[in-house]
């Protein structure tokens with residue numbers, strides 16, 4: 001089996017920390033776009049935080065949006081460039097805190113864009129603060145004694161929030177382990193296919209380790225993701241999957 | 001015979017590939033790259049070109065030939 | 001030449017935007033701007049454009065950011081409190097070198113304020129209302145006709161400078177109905193810019209819309225200073241009435257300027273040498289207009305705000321050499337006869353009589 005990172009992500013310097021899932025997510029998106037023959041037309045929007053580093057290594061026309069407005073920036077773009085696939089790429093802080101209104105209303109309207117949301121249960125770029133996705137008891141720099149879910153809420157789950165909406169596709173994958181990564185790629189591919197079929201919002205959340213801010217070595221972070229995070233964030237397809 | 005070409009200038013030493021390799025063909029060597037990370041080495045004899053390392057690597061170190 | 005029709009100011013603005021080639025609108029209802037959104041909710045479909053009623057002003061202005069990135073002529077409109085929420089997007093548009101038109105149909109007061117006409121957003125609009133270092137061209141219509149004409153112009157200026165352009169309309173201009181001659185339809189080709197995102201081959205240089213100082217480095221400061229200098233040199237717009245021999249010159253924009261026009265006429269009939277400078281661009285402020293006022297003893301702004309916001313710019317335009325008075329209230333448009341009486345007092349005081 002011949003395998004080589006796609007031209008669209010070939011770069012000299014990667015800014016991500018060791019063991020971070022963003023590098024894998026970026027590669028999967030580029031692989032799917034190339035395999036589907038869409039790379040020449042794909043336009044991406046990125047948020048301001050860690051994920052924005054793709055701005056430097058993605059060979060796609062890319063817009064860097066305001067924090068939490070990545071999805072609506074992509075929506076505005078798609079409405080004027082209907083022939084281009086448009087993908088919004090951002091994190092859980094952007095999607096489920098500052099951009100929650102945008103997340104909900106994009107689902108309500110079933111806007112025709114791809115959303116790839118990297119969930120690492122914390123704010124990465126600002127140094128590991130508590131997020132709406134932080135696990136109960138998880139220690140972060142702004143919940144140093146562990147997140148008290150009674151005060152700050154349980155981890156936010158997009159499949160619950162979108163349960164009543166007719167969106168094109170909703171799935172959650174993980175960016176650790178070859179089997180999970182293969183599965184995540186299939187989800188991204190399905191999102192692209194449905195997007196090209198104008199089926200509305202095609203949304204893939206990807207669980208990512210953040211070894212730096214979890215204060216764990218990468219392999220321990222991988223274990224934490226698979227053992228703890230998936231208890232709150234089940235993997236699989238929730239809308240528009242094969243089961244239907 | 002080269003089966004698995006690596007560019008360890010990109011390697012950040014996370015070890016995902018070492019843990020993932022079904023044939024224990026990847027291990028940490030003693031080379032530190034310019035970024036200051038201890039990098040991996042591939043035993044070309046043991047490699048079966050399964051591509052697991054390519055898939056889990058966040059830094060695009062591997063090319064399966 | 002198209003026929004004259006009766007239209008509400010807000011609707012004329014909306015129609016003119018479409019005729020300027022605008023094919024993207026996103027907005028949120030707020031009085032007294034809402035007719036723009038309502039009009040475009042059906043009219044945008046007729047011209048084949050995209051209309052979205054967004055979940056908030058933040059979402060709307062950032063949709064405009066996205067549409068502008070793609071090379072489209074994009075519009076969002078709001079009033080007072082909603083316009084404050086647009087500041088995030090305006091700052092990002094400036095930082096990313098993107099054209100767009102943002103309309104503020106001004107209302108009165110800080111906080112919720114009220115829905116009546118006001119001119120209290122002068123500082124916010126002319127000084128760069130969001131974070132960071134920036135200003136934007138601000139156009140101030142004073143009639144339904146100008147609501148159409150200046151909106152049409154706004155898209156061209158936004159494109160010329162790759163910079164957002166703001167419209168300072170107000171409740172009175174937006175709500176009144178007057179005869180208007182609408183501009184001709186023109187087409188806008190969204191692929192005409194080399195900088196807009198559109199996709200490309202892997203071998204091509206790919207386009208990044210981002211804070212331009214990331215890509216520009218140290219040249220950024222000169223680039224922006226030159227951009228603003230060019231705006232100040234080329235875009236000052238104003239209308240002068242009886243300024244040359246005037247001893248008192250009113251300075252007023254928007255709805256206030258219409259009362260001042262009447263006051264100038266009334267004052268002249270009484271033998272008072274009164275004139276009017278009406279800034280049409282609030283930024284760049286029309287400093288050139290003030291060179292003509294050679295006999296002037298005092299200026300008086302008439303603006304519907306408490307803090308006499310525009311007097312700052314009048315003092316700067318005249319090197320603080322001439323006294324500047326303020327008239328106006330946030331609660332109502334000034335009364336012509338009261339303005340004439342104020343003018344008379346100020347002229348007497350300036351000639352050495354009683355202080356006013």
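Tabulated results
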item: Qualifying residues in the stretch A:27-48 (those that are touching a strand residue (DSSP E or B) at 6+ places or on another chain (Cβ under 9 Å), within 12 Å of another protein chain (Cβ to nearest Cβ) and in a helix (DSSP H, G or I)) - the one surrounded by the fewest Cβ atoms within 10 Å (Cβ to Cβ); result: A:33
item: Looking only at the stretch C:338-354, and only at residues there that are out of contact with any helix residue (DSSP H, G or I) (no Cβ under 8 Å at 6 or more places or on another chain) and in a loop (DSSP other than H, G, I, E, B), the one that is modelled with the lowest pLDDT; result: C:353
item: Residue C:261 vs. criteria crowded, with 18+ Cβ neighbours inside 10 Å and either part of a helix (DSSP H, G or I) or more than 16 Å from the chain's Cα centre (by Cα) (or both); result: yes
item: Selected residue (criterion: farthest from residue A:180 (Cα to Cα)) from residues of the stretch B:42-65 that are free of Cβ contacts under 8 Å to residues at least 24 places away in the same chain and more than 9 Å from chain A (Cβ to nearest Cβ); result: B:45
item: Residue check, residue A:1 more than 30 Å from residue B:62 (Cα to Cα), more than 9 Å from chain C (Cβ to nearest Cβ) and out of contact with any helix residue (DSSP H, G or I) (no Cβ under 6 Å at 6 or more places or on another chain); result: no
item: Residue check, residue C:222 surrounded by fewer than 13 Cβ atoms within 10 Å (Cβ to Cβ), at pLDDT 95 or above and more than 16 Å from residue C:94 (Cα to Cα); result: no
item: Tally of residues being within 12 Å of residue A:158 (Cα to Cα) and surrounded by fewer than 18 Cβ atoms within 10 Å (Cβ to Cβ) across the stretch A:98-131; result: 2
item: Complete set of residues in the stretch A:230-244 that are part of a loop (DSSP other than H, G, I, E, B) and surrounded by 14 or more Cβ atoms within 10 Å (Cβ to Cβ); result: A:233, A:235, A:240
item: Criterion (in a helix (DSSP H, G or I), closer than 24 Å to residue A:103 by Cβ and more than 7 Å from chain C (Cβ to nearest Cβ)) met by exactly one of A:51, A:68; result: A:51
item: Lone qualifier among C:88, C:55 - being at the interface with chain A (Cβ under 9 Å from one of its Cβ atoms) and in a loop (DSSP other than H, G, I, E, B); result: C:55
item: Residue C:185 vs. criteria surrounded by 15 or more Cβ atoms within 10 Å (Cβ to Cβ), assigned by TED's automatic domain parsing to the domain that holds residue C:153 and at pLDDT 95 or above; result: no
item: Candidate set: the stretch A:184-229, residues that are within 13 Å of residue A:122 (Cα to Cα) and within 14 Å of the chain's Cα centre (by Cα); chosen: the one surrounded by the fewest Cβ atoms within 10 Å (Cβ to Cβ); result: A:207
item: Residue in the stretch A:8-20 that is under 16 Å from residue B:61 (Cα atoms), within 10 Å of chain C (Cβ to nearest Cβ) and either modelled with pLDDT of 95 or more or not in a helix (DSSP H, G or I) (or both) present; result: yes
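The values are calculated or read from the model by the stated rules, or taken from the named source; none is laboratory data. Just so it is clear, the model here is predicted, and its values are computed rather than measured. Using ideal geometry, Cβ is built from the backbone for each residue, glycine included, and neighbour counts are taken over all protein chains shown.
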